[in-house]
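Q: Can you read through this structure? Questions will come right after.
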Amino acid sequence: MSVTWNIHPGTGITADEGDETPDASPLSINLGASVQSILSAIKKDDEDRFPAIDLSWSQQDQFGRPIVLSLPKNGLRLQFDGADQRLRLIEITDFTKLSLKYSGSELVKESEGSTSPLFKRVYRLFGASFPGKYMPPVDGKLVGIYVLGWPGVAISFPVEHAVGLQEKDHVALLGSRVTSPADKLAIFEGKTWKDARKQLFVSVISGPRNSALVSRPFDKLPNEIETARINPNEGDVILSRRSPAPPFVLHLNVTTSQDLITELGAPDTKFKMKTPVHDPTANAKKNGARRGSEVKSPPSSYSSTNTDTFDTDFDSADAEDDGDRHHRDTYLCYFSHGMDILVGAADDGHLVVKRVVIHGNLPGSAAFNRHRRLRWTMEFDVDSAVDDRDLHSEAHFEKDIKPELLTAYPDAARDSQTAMGRVINRCWDDNASESSFFLPDQDRSLTDGGDGEQEGKWLGNVRLFQFPGLMFEVGKTGGVVAVVGSQPRQMELLTTLMGVAHEKHALETENAKLKTQIDVLKIMLQSKRSVETILLDCIRGSLLEAMPAHMLLCTQAATQQLIGMTSKFDDDALAASVMAILRENHVGNLFEKMTELTNSDATGIASRLLTGWVAADAGLTHSGYGFVIYARNVKSLNISAVLDSLNNVDYLWSAIASDLRRDFAGCNQLASSAVRFGFHDAAGFSSLNAPYAPASGGADGSLLLNDEEIARREQDPLQGFRRYLLGKWNTYKAQNVSAADFVQVAASIGVRSCPGGPLYKTVVGRVDDANAAPDGNLPDAFGPGSTHDVLISLWADKGINPRELASLMGAHSISRAFAQEANGIRPGSPQDDTPRVWDTTYFNQTQAVNPPRGISRFDSDVNLGRPGTVCGGSFTEFAGNADAWATAFAAAAYKMSIMGIPQSDVDNLVDCTGVLQ
Ligand code: HEM
């Protein structure tokens, strides 16, 4: 049985291998595929099938010149562009090695007496073509080349040279005796070879990098990532994806591992940070013990280019037990996306992204072909002095990237280690898993670049350059092997700041600075807010009223100005800390606030903002970008005025809202879980419950407060979200924020964080109940509890009528199911095909006779949406009328958010919808 290769589907050309490889699987070679995907596919096979693999690339111009992969024993040569490493040209160089077919017919017929395609046969199969290009022989040879083209295919024929050949009719010429059978066939993207060849390695290419996406386009494989934009100030990596998928924004310390799996798919493997990374011996021992060998052997095979392209010997983290899970940072390795992403527990126990490693996949580097290449750009503030046009994956590190980063981080520039970089040796018998990562810790011992006894094993030195929140591994040619974005050491700096305060306190001097710091500590004590929160709030713009003065009061994105001001501080350590915080927090997100303020009376603003402070030097300065409010040498501080402002309801809830909004950005997993959490807390109510204060099991915060309630099966998988929300609430509860309010406000912000999500009336002042709500009041999605009649009556007991229920069910527009495997639903399946958008698609697709592939519907939803019922009629109405849905949802969502609370108490709740706008 012969094996058929799919050579760029669409051209109609396939290749048969013959009988020698009975168990071989077909190889898909599509234009646009990444070097890594093709090499990995080839290397999965046995060496008999691909006995020789040759890879060549240019050392001098590695991104400008192509990477050429030759398979001489298979008669194939593949050319990839150097910058994106995608297949641009497929060349058949030896027709005797493959049996080529066009639309099922052989290109070479042995009966016609040739082992290569004859022009006549080609002409018969491919049809007429425009004249091609004749290239006369060079260097005194006698044979020229005639290249004839069809869309996407070019074939070259050797022709005995004679003067005047160009003028001849090409069909007559190629059909004559002077023309030999074809010696090469090329497949490319473009209409004609003549036009395509000029742009071959730089044009936009349509095929995906991963061949699986060509053969299984409907399998809902994760969207392919085109490029990464790193924003070091924001701690974001924006991943743009193949159209029409929207970009996915990775927020360091916010994006959860669940978000990653939803957006990027399951990782190819996981790597658990088992032991402190700076203790390689411990790592080696552990690995050795588990694998039954003391020393790890070199990778299983090398290509003819001396690069390890076979082995992926990460420790699998799949088998980890629950106890471990919360304590270990784990790398999720996405080979086909070109990234490794470190997730670890945040302070609140939630698993969040801590570091992103973007791989350059430079040929010749130690980790070559483990990941595909992911191109990146880097973005600094428009106001910054950094010219970020030169900050990208193809730039030369020393010449282009480093000088800009030294401008961006002047403190780092003063550190000679940063400018020089640290040298690391990557060698084959390095612990393989480590070799593909950066050395994440400062204190990790580094080998000096050397030769000597290890000669031969080294893959050459790379240098590691470190800037706040960024690390670069740079190869010999100056190309970036990988770049890492991680959370800047913000908390450490803030701790330093507190340290200063305590130290000075101990000195008990009467100096004004000390007084300020003691006052700050008093504020902390009385408001139970940490100086970190106060500072960060100020910097994020949510706390305009108070800020430990002689640090500064700030609004606005004028980072440069603020940094300039810190030079006037008489406390250098403090100035340095504040400066670092400003840089790392990127004051740019205050822009909105600032625009609103600049439109008001400047003096009025200054006095409002400085309430509570008497400073020797305070005021407001204008700048080209906006303004800065500052206070230095504070003489006295009216603590109660500051505390009043801190405890003001509007202030408080706008601070909470901006905090949650930041975490829920982009309608992410936290946002959708918040919406469901709000519903599950409130819907513990039923009129059949024996009434009890404060809400008879309704919106009382019990889901956040009670361990038994959250452990119920129907709460799966909200446990992780509960940990997150509890952690957040803990930072606010001292300011009289009830858990019940926090849950419902979070739900409202969750809805608002989704494109199209309506604003609905949101109130605060609820009273908590730490007892579990009565069991059995939540609806079932499958089984006997999921029928239309059972659900309608269950909701009627909560005071919700069928139309209101239909509007609430629309929240499944942003839903994905993670815990319904027992009901046959693949984890992560959405309930409509636009799960990050609050839209009416859900209603359409729930009622559709043929729903789109890839979505999973719950029985409850299909039953409620069935036409012919009141609820189903409302599904149809909302499917066609987004405004009617928004109005109905807003009313029903408010009603649900106060479920179970007696009307007399509802009357005393305070409306805070304004701060959620
Ligand atoms: C008959 C009523 C309902 C049933 C049976 C139901 C059932 C479910 C189920 C089984 C899931 C998937 C959970 C998982 O496995 O991850 C889910 C998700 C979700 N539900 Fe409902 N639901 C109902 C009503 C509602 C209502 C009234 C809302 C809010 C107004 C809502 C909001 C959500 C959201 C936002 C998600 C996604 C949660 C996430 O992404 O973590 N549901 N629902």
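Q: Out of (1) closer than 12 Å to PRO758 by Cα; (2) modelled with pLDDT under 95, what's the single condition that is false for ASP907?
A: ASP907 satisfies every listed condition except (1).
Q: Moving on. Check region 778-785 and report whether any residue there is within 12 Å of the ligand (Cβ to nearest atom), open to solvent by 30 Å² or more (accessible area, probe 1.4 Å), at positive phi and out of contact with any helix residue (DSSP H, G or I) (no Cβ under 7 Å at 6 or more places or on another chain).
A: The answer is yes; a qualifying residue exists.
Q: Could you pull out the residue among PRO137, PRO181 that is at pLDDT below 85 and in a loop (DSSP other than H, G, I, E, B)?
A: Numbers: PRO181 fails: at pLDDT below 85.
Unique residue meeting the criteria: PRO137.
Q: Further, regarding this structure: Of the conditions (1) touching a helix residue (DSSP H, G or I) at 6+ places or on another chain (Cβ under 7 Å); (2) assigned to a helix (DSSP H, G or I); (3) at pLDDT below 80, LEU174 satisfies every one except a single condition; which number is it?
A: Unmet condition: (3).
Q: Determine, yes or no, whether VAL737 is in a loop (DSSP other than H, G, I, E, B), closer than 18 Å to VAL915 by Cα and more than 23 Å from the chain's Cα centre (by Cα). Please lay out each step first, then the result.
A: Numbers: in a loop (DSSP other than H, G, I, E, B): yes; closer than 18 Å to VAL915 by Cα: yes; more than 23 Å from the chain's Cα centre (by Cα): yes.
Yes.
Q: Ok, one more. Just name the residue that is nearest to the ligand (Cβ to nearest atom) out of those in region 792-810 that are more than 12 Å from ALA683 (Cβ to Cβ) and among the aliphatic types (A, V, I, L, M). I'd like the intermediate steps shown before the answer.
A: We begin by selecting, within region 792-810, every residue more than 12 Å from ALA683 (Cβ to Cβ); these are 792-793, 796, 801-804, 806-807, 809-810.
Subsequent filtering for residues that are among the aliphatic types (A, V, I, L, M) retains 792, 796, 806, 809.
On the way: ILE792: 10, ALA796: 12, ALA806: 10, MET809: 6 Å.
Per the criteria, the residue is MET809.
Residues checked against (1) more than 11 Å from the ligand (Cβ to nearest atom); (2) in contact (Cβ under 8 Å) with a residue 40 or more places away in the chain; (3) in the same structural domain as ILE792 (by TED's automatic domain parsing):
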site: ALA819; (1), (2), (3): no, yes, yes
site: ASP833; (1), (2), (3): yes, no, yes
site: GLN845; (1), (2), (3): yes, no, yes
site: THR869; (1), (2), (3): yes, yes, yes
site: VAL910; (1), (2), (3): yes, yes, yes
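Q: Now for a separate question. Do you know which residues across region 96-142 are within 23 Å of ARG197 (Cβ to Cβ) and among the small types (Gly, Ala, Ser)?
A: Once the filter is applied, which keeps residues that are within 23 Å of ARG197 (Cβ to Cβ) and among the small types (Gly, Ala, Ser), region 96-142 yields SER116, GLY127, ALA128, SER129, GLY132.
Q: Right, something else. Could you tell me which of the residues VAL153, VAL147, VAL178, VAL171 is over 26 Å from SER70 (Cα atoms) and touching a residue at least 40 places away in the same chain (Cβ under 8 Å)? Can you show your working first?
A: Details: VAL153 fails: over 26 Å from SER70 (Cα atoms); VAL147 fails: over 26 Å from SER70 (Cα atoms); VAL178 fails: touching a residue at least 40 places away in the same chain (Cβ under 8 Å).
The match here is VAL171.
Q: Quick one: which of SER856, SER860, SER897 is open to solvent by less than 60 Å² (accessible area, probe 1.4 Å), more than 24 Å from ALA682 (Cα to Cα) and within 12 Å of the ligand (Cβ to nearest atom)?
A: On the way: SER860 fails: more than 24 Å from ALA682 (Cα to Cα); SER897 fails: more than 24 Å from ALA682 (Cα to Cα).
Answer to the check: SER856.
Q: Given (1) open to solvent by 40 Å² or more (accessible area, probe 1.4 Å); (2) in contact (Cβ under 8 Å) with a residue 12 or more places away in the chain, identify the lone condition not met by GLY810.
A: Going through (1) open to solvent by 40 Å² or more (accessible area, probe 1.4 Å); (2) in contact (Cβ under 8 Å) with a residue 12 or more places away in the chain one by one, GLY810 breaks only (1).
Q: Which ones in region 733-758 are in contact (Cβ under 8 Å) with a residue 60 or more places away in the chain, open to solvent by 10 Å² or more (accessible area, probe 1.4 Å) and away from the ligand (no atom under 15 Å from the Cβ)?
A: Matches in region 733-758: ALA734, GLN735, ASN736.
Q: Are any residues in region 871-886 surrounded by 14 or more Cβ atoms within 10 Å (Cβ to Cβ) and either more than 15 Å from the ligand (Cβ to nearest atom) or among the basic types (Lys, Arg) (or both), and if so, which ones? Step through it out loud before you land on a result.
A: Taking region 871-886 and keeping what is surrounded by 14 or more Cβ atoms within 10 Å (Cβ to Cβ), we get 871-879, 881-882, 884-886.
Result: GLY873, THR876, GLU877, ALA879, ASN881, ALA882, ALA884.
Q: Is it the case that region 670-678 has a residue that's touching a strand residue (DSSP E or B) at 6+ places or on another chain (Cβ under 6 Å), open to solvent by 10 Å² or more (accessible area, probe 1.4 Å), touching a residue at least 24 places away in the same chain (Cβ under 8 Å) and within 13 Å of the ligand (Cβ to nearest atom)?
A: Filtering region 670-678 for residues touching a strand residue (DSSP E or B) at 6+ places or on another chain (Cβ under 6 Å) gives none.
No, that holds for no residue.
Q: Of all residues in region 219-243, which are among the small types (Gly, Ala, Ser), at pLDDT below 85 and open to solvent by less than 50 Å² (accessible area, probe 1.4 Å)? Don't jump to the end; show me each part of the working.
A: Step one: filter region 219-243 for residues among the small types (Gly, Ala, Ser), giving 228, 235, 240, 243.
Filter once more, so that each one left must be at pLDDT below 85: 235, 243.
Within region 219-243, GLY235 is the sole residue that qualifies.
Q: Restricting the search to region 698-732, which residues are more than 16 Å from the ligand (Cβ to nearest atom) and of a type in the set (Ser, Thr, Tyr)?
A: SER702, THR731, TYR732
Q: Just need a number here: residues in region 679-697 that are open to solvent by 10 Å² or more (accessible area, probe 1.4 Å), within 16 Å of the ligand (Cβ to nearest atom) and polar (S, T, N, Q).
A: Of the residues in region 679-697, 0 are open to solvent by 10 Å² or more (accessible area, probe 1.4 Å), within 16 Å of the ligand (Cβ to nearest atom) and polar (S, T, N, Q).
The values are calculated or read from the model by the stated rules, or taken from the named source; none is laboratory data. Remember, it's a predicted structure, so these values are computed and weren't measured experimentally. So basically every Cβ, Gly included, is an ideal-geometry build from the backbone, and we count neighbours across all protein chains shown. The area values use the complete protein model at the heavy-atom level, side chains included, leaving out ligands, DNA and RNA. Shrake-Rupley method; radii C 1.70, N 1.55, O 1.52, S 1.80 Å.
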